[in-house]
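J.: Pasting a structure below so you can have a look.
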Amino acid sequence: MTDQTQPHHPDGNPSGPDADKHEADKHDTDKHHTDKHAADKHDAGRPHTDKPHADRHHAPKPADEETAAVVSLDTAGGAMGPSAVPATAQSGKIPGGPETLVRRIFTGSGTVSVLAVLLALILGGLLIALTDKQVGATASYLLARPTDFLSAVWNAATRSYVALFQGSVFNPRGGGIGGQFAPLMETLTIATPLITAGLGVALAFRAGLFNIGAQGQIIIAGILAAWTGFALHLPVGLHLLLVLVAGIIGGAFWGGLVGYLKARTGAHEVILTIMFNYIALYLLRYLLNTPAFRRPGESNPISPILDPSAVYPQIFGSQYRLHLGFLLAIAITVFVWWLLNRSTVGFEFRAVGANPKAAQTAGINVSRSTILVMAIAGALAGLSGVAQVAGTEKVLTDGVAATYGFDAITVALLGRSTPWGTFAAGLLFGAFRAGAVQMQIQTGTPIDIVLVVQSLIVLFIAAPPLVRAVFGLNPRRKKPVTAGKSKTAATTGGAA
Amino acid sequence: MSTTATSPQPGKPQAGTPPRAEERQQATSEKPVTWKVPVLLSALGIVAFIFFGLMGPNQTARFGLSSSGDFFQLPALEVPGFLGGIVLSVIMLGLAGYAVYLKTKDQAAPRWLPIAFIVLFVAAFLIWVVGGARTPSISLAGLIAGSVTLAVPLVFGSLSGVLCERVGVVNIAIEGQLLGGAFTAAMVASMTRNPFIGLLAAAVAGAVVSMVLALFSIKYLVNQIIVGVVLNVLVSGVTGFLFSTVMQADKATFNSPGRLPIIDIPVLSGIPVLGPILFKQSLVGYLMYIAVIVVWIGLFKTKWGLRVRAVGEHPQAADTMGIRVNATRFWNVTLGGAIAGIGGSFFTLVAIDSFTKEISGGRGFIALAALIFGRWNPIGAFFAALLFGFADNLQSIVTIIGTPVPSQFMAMLPYLVTVLAVAGLVGRSRPPAASGIPYVKG
Amino acid sequence: MVRVLKLELKGITKRFGSLLANDHIDVVVEPGQIHCLLGENGAGKSTLMNVLYGLYEPTDGEILIDDEPVSFRGPGDAMAAGIGMVHQHFMLVPVFTVAENVALGAESTKAGGFLNLEDTRRKIQEISDRYGFDVDPDALVEDLPVGVQQRVEIIKALVRDARVLILDEPTAVLTPQETDELLDIMRQLKGGGTSIVFISHKLREVKAVSDIITVIRRGQVVGSADSGASTTELASMMVGRAVNLTLDKAPAQPQETTFEVKDLTVVAPNGHHTVDGISFSIARGEILAVAGVQGNGQTELTEAILGLQERVSGSILLDGKELVGRSVKDVLDAGVGFVPEDRKVDGLVGTFSVAENLVLDLYDKAPFARGISMSPAKVLENANSRIGEFDVRTPSAAAAAGTLSGGNQQKVVMARELSRPLRLFIASQPTRGVDVGSIEFLHRRIVAERDTGTPVMIVSTELDEVMELADRIAVLYKGKLVGIVPAGTGRDVLGLMMAGLSPDEAHADKLHHRDPALGNDPVPGNSPALGNSPTPTSASRAEGGDHD
């Protein structure tokens, strides 16, 4: 028991309010022990502070209960496979370590995730309703007939969301079974690059690195993969393999470079990756204006079409865009899970992410881990680049990465940086993207609403107390201050 | 107090009065002098000698210094391309050699040296670019004036970053603040038919974005980088959505803000080169100069600034001295947002007179770069932003005069320079110690 | 002069969750007294003072000033009421000057909110002159030595007219000499009418200055005494039982010397020589304890051996193998077991399970991994056996290590490091922040490791621990080895060595009964490579009466 372990925050080692509770619990355990040794020789006259709580040590503490809830929810949701990391370690409620990024990401529970999505959808719906003409019309006689107004709001929001659903999962008006499930195929297609890039971001998160650079990594991978695809002419099989390798190397190089600079010079990876995104983009734009990349006879910056031997085969025939890349994404998710939870490399990554100093003292080469994890993260994002040029687009343009690189960040955050969580989040955001197109056509609701909902989801997931407060689910341990202001918080969040 | 990015003493943020800075140099003189600066300067010197000198253009580069409106005319500056390149790059090599010599005596290069080097390098580069163009003539006055104009939103953005980071909150949301400001300025100015009200509204919008950042990062302890990144997406989504649904539906009512007038101060604005920069600006332009000076004085000369910096460096110490850490953070971040919001209004009230999606075009990130390059100092950030504005402006000019340098590389320049800066020159430079770390009271 | 003030804490109770950090504590600080709060680490002293200073809100109880109840909502209120505090970890902004730090929170301003540092400088000069502090108002705090930084803290409080000054473990970072200077300052302040609350667990200092001593144990006041109380009496009150300072350990059976350090020098990033030409050796079956005030190169010495320091010269030989220039992994593989001084920062990954922490430096070795594939079953199996062997109190092997108590965390680190065959065992501060029960256990394990024939190096700033474990004692001062003396060397001699005197000088000094608080700078160790210079230990033995 030291004074250090008291809820007292030496700079550089702030721990959250939850941590304090644990610190406190720790004292208990200590006292307990001290007592055992001290009891016999102790002068009997003194009243014992801790006699009444002598067994507190074994009683479940509130924090433990909560942790247990996290475990069951997470496994019930199927979001997490069995992990070498105990669930307690993933719940992020652990004191002692610095308040790391990783810890924040894991904070929260399955319920909060669901509620966060719900809350974001509600706010998005309100935004839709706000700009709806019918709603505006009924608002003018709101006091006279409020039901008109409310039903208009409901209609505006649900109309858009129904269109969104029909555009992403199941369209009853589609022609035949094939047509009805066409939206789902489209969702999976769009989810493919989101999943792999999201895994890249998530993996880096777990190693304590903030990889904002998936965008740039996708671009560089796309450049190399596309060039391999249209400039070389190779036999079937070999060609695609080479395209894949080229993309992976491109992404790994661009990511690894950031890792290298960070490890060697201490430059912050957030700044580096942001800058590298732009450098990659301008490099791509430059290349598309060179004879090596520009399609002959074309004045727009667009590359030749990739050879048929260089593209992913379509899984369910030519009527859907869904390609082999999706199956690859599933395999990659399994791989990343294994890498993180069952391999020595992943052990190193996680140790470096959670406490780099302890990792270093334990003989782990932190610089090497930093470079390696960024290279692997880049390679994963690179797979998204390949999925774009060899799967969906089949050409290279300066929009090759679309916004997948940035969406990948939100995907990883929503998936709490676990491989299967990221996979699920990728599917969800893929559905949003696919459905938004249909929604815009059917209801005129702009695609941008997806950005709003997506970012709100991530904001809410990162702040579980807010979500709990909004839904009135406050556990005993809530700080009253938090509950008091969270309503304003929600509105502010929505209004911005 | 300037772009001391190349200063040979890493690990010391700028602060306080010049005499103290001197002492600081003394105090750190025992720290080993690295090879970084001499080596980098030598490498750049050699690059300059080969490209700008030996491979320099044969034409004479002509730089116009006055415009027709000036009240007296300066003759144009004419520099023979090849000779100019050689002379300048030889001087650069001399400076690099001096730095190497100092290093062998275990002394750090003086502060002016890297700055002088940068100036020479840019000059040589300009001669090289212009001398190699189809029409080897540009108006230097116009180039500089244009650079300042393009730098306006960058300066406001980086000031926002300075205020936030100095108080301990990382602000990745500058882009969102600029965009929010631009949108709101356009919308409100259109609805009220008054661009000045639009300007005010822009400040409010920026502040609101900042408040969300502050709320989530200070109260809910969400990682500040996450909030920043997500806020950028959120603002982009909301403005994009409202642009499509509201503005496009009724452009006349919602997206015709009108422009802020250019305030031309008579006579003074006629001074060649300096006149247009200092005395022929929109209100936003003048506000920029004021903001830089006010923020600098505020941070380093006032009670408020002392407290702000203490909160950003050692929040617990500030707390024990009775300073309310989280409140200080909240209001400073909000203030920063308001400043960035004003910067955003530049896009829709000064540059052009309407809003389009993503009008800020990633300049928030360049502002972030300027802030780092300027070492968390308002004046440093100002000059860094000017440099980036210059690169931006040069990019469009080289396209017009037809130089062999691809414009994409010019566009890439700010980002490359920033990578160099964070990795090489200011790699170990020290942001405020508590930046990015939430403060939880015991 | 300062107006005096009476301070009373009545029934102060502070809970953190289920923990009672302070349980109905009553303390009265009479005007112009030095009132000492004595207690072990974690007894609740700092919590109590943070309550008094307005940093924590008490769960129950009240604070009275001159018999009037007051309530502090923050340090600002406490300061306004005349309470100043010097924290254990200094609350100074490193990149600010002394004047800026002193001004912070109570700035003098000119019109328009502009700082008026002149005013602050003048005040600092005044106080500095009055107490002989010799502090330059324009120096940057980060460039100042710790002792001077502490004075800046005291100035901060005095500038705010503190009438009660709380000093929280102020001597932890000071050399014995600086400590004596501080004690003098405290007496001066008292003479000037300032009351002082002095928090410490070091009996010698407490006895030296206190007017009254309140002993706190496990959050409760367990008694009070005046400075005349005997050390053993105070110690047993503090610990809660008769203190047995000696460990039953058999005399060392040193065998051949397998670990040797020669002319080791470590250069810090700022150019200082943190370790300066140190040479020593350790034989198998022997414990060498490294003593010294914190910050005299101990951390760098151990880190250099492990391969964590970058600029290292000289030679470190283990079993004839050079360790300088090798990676941490190589060093660990050479058979070095390492317990770092700060387990939370360097020893454990708090969010990892106990099981994972138990293989933190073995995860890639058989049987835990084949190739790069790990075996969770083996990791768990190992964990269960270690937990049993070391009596680690944890809900399960899957519990996060960060949730364990300090003592149990330390057991995890120790269990891991001792779980493989070692050629050298290094433990820094092996029992810092550990409860008494675990201390005994850990000490026994260390001695047991010695008895298996491993050379053991212990680094500790606690003299008690050094004297208890050591077979030989090495003392570091400013990165230099002052000397190596046999176990059983007196505390006073060691204290003088910790202030930089060579063993010979220290003994001579002791024999001449000079005041240990030397007026001028002590002579630094005469030779960096003293090695095992024989010293006359009998004298110190005879006079080493002042055991704490």
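Every number in this text was worked out from the coordinates using simple rules, so none of it is lab data. All of these numbers come straight from a predicted model, not from anything done at the bench. Note: ideal-geometry Cβ built from the backbone for every residue, glycine included; neighbour counts use all protein chains shown.
J.: Using each residue's phi in the stretch C:215-220, evaluate 6.51 cos²θ - 1.76 cosθ + 1.60 at θ = phi - 60° and report the 3J(HN,Hα) Karplus result to the nearest Hz, with x for Gly and Pro.
T.: Working through the residues one at a time gives 9, 10, 9, 6, x, 10 Hz.
J.: Now a separate question. Give the peptides A:433-443, A:455-465 in descending order of average Cβ contacts within 10 Å, highest first. Working shown, then result.
T.: Numbers: A:433-443: 20.5, A:455-465: 26.7.
Going by the mean number of other Cβ atoms within 10 Å, highest first, we get A:455-465, A:433-443.
J.: Using Cα pairs under 8 angstrom and six or more residues apart, how large is the relative contact order of chain B, in percent?
T.: Details: 901 pairs, mean separation 118.3, N = 442.
In percent, rounded to a whole number, it is 27.
J.: For C:I212 and B:T34, FRET efficiency with R0 = 41 Å and r from the beta-carbon atoms, rounded to 0.05? Kindly include the intermediate steps, with their values, before the conclusion.
T.: On the way: r = 55 Å, r/R0 = 1.35.
About 0.15, to the nearest 0.05.
J.: Counting C-alpha atoms alone, how compact is chain C: give Rg to one decimal and Dmax as a whole number, in angstrom.
T.: In order Rg, Dmax, the Cα atoms of chain C give 24.8, 76 Å.
J.: In the stretch B:124-141, whose amide N lies under 19 Å from the spot 7 Å out along Cα-to-Cβ of B:N58? List them in ranges.
T.: In the stretch B:124-141, the label zone of B:N58 (backbone N under 19 Å from the point 7 Å along Cα→Cβ) covers B:127-137.
J.: Hey, another quick one. Between their Cα atoms, which of A:K133/B:K357; B:K105/C:K480; C:K207/C:K480 are more than 25 Å away from each other? Kindly include the intermediate steps, with their values, before the conclusion.
T.: Numbers: A:K133/B:K357 22 Å; B:K105/C:K480 28 Å; C:K207/C:K480 31 Å.
Over 25 Å Cα-Cα: B:K105/C:K480; C:K207/C:K480.
J.: What span do the alpha-carbon atoms of chain B cover on each of the three principal axes, reported in whole Å from largest to smallest?
T.: Cα spread of chain B along its principal axes, largest to smallest: 58, 58, 38 Å.
J.: Continuing with the same structure: With a Förster radius of 60 Å, plug the Cβ-Cβ distance of A:F335 and C:D319 into 1/(1 + (r/R0)^6) and report the FRET value to the nearest 0.05.
T.: Values: r = 41 Å, r/R0 = 0.69.
Taking R0 as 60 Å, the efficiency between A:F335 and C:D319 is 0.90.
J.: What pairs from C:K202/C:K344; A:K357/C:K344; B:K303/C:K110 go past 21 Å between their alpha carbons? Spell out each step's value before the answer.
T.: Numbers: C:K202/C:K344 24 Å; A:K357/C:K344 10 Å; B:K303/C:K110 10 Å.
Beyond 21 Å: C:K202/C:K344.
J.: On a full-extension model of 0.36 nm per residue, what is the gain between A:Q442 and A:L142, subtracting their alpha-carbon distance, rounded to one decimal in nm?
T.: Working: separation 300, 0.36 × 300 = 108.00 nm, distance 2.72 nm.
Gain on stretching A:Q442 to A:L142: 105.3 nm.
J.: Which whole number gives the average, over all residues in C:427-435, of C-beta atoms from other chains lying within 10 Å of the residue C-beta?
T.: Numbers: counts 0, 0, 0, 0, 0, 2, 6, 4, 13.
Mean shielding count: 3.
J.: Give me the one-decimal nm value for the distance between modelled label points at B:L83 and C:A366, 7 Å along each residue's Cα-to-Cβ direction.
T.: Using points 7 Å along Cα→Cβ, the separation is 7.8 nm.
J.: Using a 10 Å cut-off around each Cβ of peptide C:108-114, what is the average number of partner chain Cβ atoms that fall inside?
T.: If you average over the peptide's residues, the count of other-chain Cβ atoms is 4.
J.: Still on this model: Would you order C:K156, C:K480, B:K251, C:K10 from fewest to most other beta-carbon atoms within 10 Å of each residue's own beta-carbon? It would help to have the intermediate numbers written out before the result.
T.: Details: C:K156 29, C:K480 23, B:K251 12, C:K10 15.
Neighbour counts put them in this order, fewest first: B:K251, C:K10, C:K480, C:K156.
J.: Hey, what did the stretch C:93-159 get for relative contact order, percent, Cα under 8 Å, at least 6 apart? Don't skip to the end; give the middle numbers.
T.: Details: 75 pairs, mean separation 27.9, N = 67.
The normalised contact order for the stretch C:93-159 reaches 42 percent.
J.: In addition: Could you pull out the pairs from A:K262/C:K478; C:K329/C:K378; B:K36/C:K262 whose alpha carbons sit more than 28 Å apart here? Walk me through the numbers before you get to the answer.
T.: Working: A:K262/C:K478 33 Å; C:K329/C:K378 21 Å; B:K36/C:K262 32 Å.
Correct reply: A:K262/C:K478; B:K36/C:K262.
J.: Here's something else I'd like to know. So for C:C36, B:C164, fewest C-beta neighbours within 10 Å to most, what's the order? Walk me through the intermediate numbers first.
T.: Values: C:C36 30, B:C164 35.
Sorted ascending by nearby Cβ count, the order is C:C36, B:C164.
J.: In addition: By counting other Cβ atoms within 10 Å of each Cβ, how are C:M85, C:M497, C:M49, B:M191 ranked from fewest to most? Mind showing how you got there, number by number?
T.: Details: C:M85 27, C:M497 30, C:M49 23, B:M191 16.
By the 10 Å Cβ count, ascending, the order reads B:M191, C:M49, C:M85, C:M497.
J.: Right, here's the next one. Read phi for every residue in the stretch C:201-211 and hand back ³J(HN,Hα) as whole Hz from Karplus 6.51 cos²θ - 1.76 cosθ + 1.60, θ = phi - 60°, with x for Gly and Pro.
T.: Result, ordered by residue: 10, 9, 5, 4, 5, 4, 5, 5, 10, 6, 8 Hz.
J.: Okay, next question. Work out, step by step, the length gained on full extension between A:L327 and A:I302: first 0.36 nm times the residue separation, then minus their alpha carbon distance; give nm to one decimal.
T.: Values: separation 25, 0.36 × 25 = 9.00 nm, distance 2.80 nm.
Contour length minus Cα-Cα distance gives 6.2 nm.
J.: Taking amide H positions as placed in the peptide plane 1.01 Å from N, state which residues far from C:V222 in sequence (5 or more) or on other chains have amide H under 5 Å from it.
T.: When sequence neighbours closer than 5 places are left aside, the close amide H contacts are C:V215, C:I216, C:R217.
J.: Quick one: grab Rg to one decimal and Dmax as a whole number for the stretch C:93-159, Cα atoms only, in Å.
T.: Just the Cα atoms of the stretch C:93-159 yield Rg and Dmax of 11.3, 36 Å.
J.: When only Cα pairs under 8 Å and 6 or more residues apart are kept, what is the percent relative contact order across chain C? List each step's numbers first, then the result.
T.: Values: 1136 pairs, mean separation 74.3, N = 548.
Across chain C, relative contact order equals 14 percent.
J.: Taking R0 as 41 Å, what's the FRET efficiency between B:I352 and A:W154 from their Cβ-Cβ distance, rounded to 0.05?
T.: Values: r = 39 Å, r/R0 = 0.95.
The formula returns an efficiency of 0.55 here.
J.: Quick query: amide H of C:L115 versus all other amide H atoms, modeled in the peptide plane; which residues come in under 5 Å with a sequence gap of 5 or more or a different chain?
T.: Here B:T302, B:K303, C:K110 satisfy the definition.
J.: Rg and Dmax in Å for the stretch C:21-130, alpha carbons only: what are they?
T.: 16.8, 50
J.: Using a 10 Å cut-off around each Cβ of peptide C:364-374, what is the average number of partner chain Cβ atoms that fall inside? Working shown, then result.
T.: Working: counts 7, 1, 0, 0, 2, 4, 1, 2, 9, 5, 9.
Shielding by partners across C:364-374 averages 4.
J.: How large is Rg over Rh for the stretch A:124-182, taking Rg from the Cα atoms and Rh as the Kirkwood inverse mean of 1/r across Cα pairs? Working shown, then result.
T.: On the way: Rg = 15.1 Å, Rh = 12.6 Å.
Reported Rg/Rh, Kirkwood definition of Rh: 1.20.
J.: If you don't mind, there's one more thing I want to ask. Along its principal axes, what span do the Cα atoms of the stretch A:180-445 show, with the longest given first and each in whole Å?
T.: Result for the stretch A:180-445: principal-axis Cα extents of 58, 43, 38 Å.
J.: Can you give the Kirkwood hydrodynamic radius of the stretch C:165-238 from its Cα pairs, in Å with one decimal?
T.: Working: mean 1/r = 0.0777 Å⁻¹.
After inverting the mean inverse Cα-Cα distance, the result is 12.9 Å.
J.: For the pair B:R134/C:A377, report the inter-label distance in nm, with labels modelled 7 Å from Cα in the Cβ direction.
T.: Placing both labels 7 Å along Cα→Cβ, they lie 7.5 nm apart.
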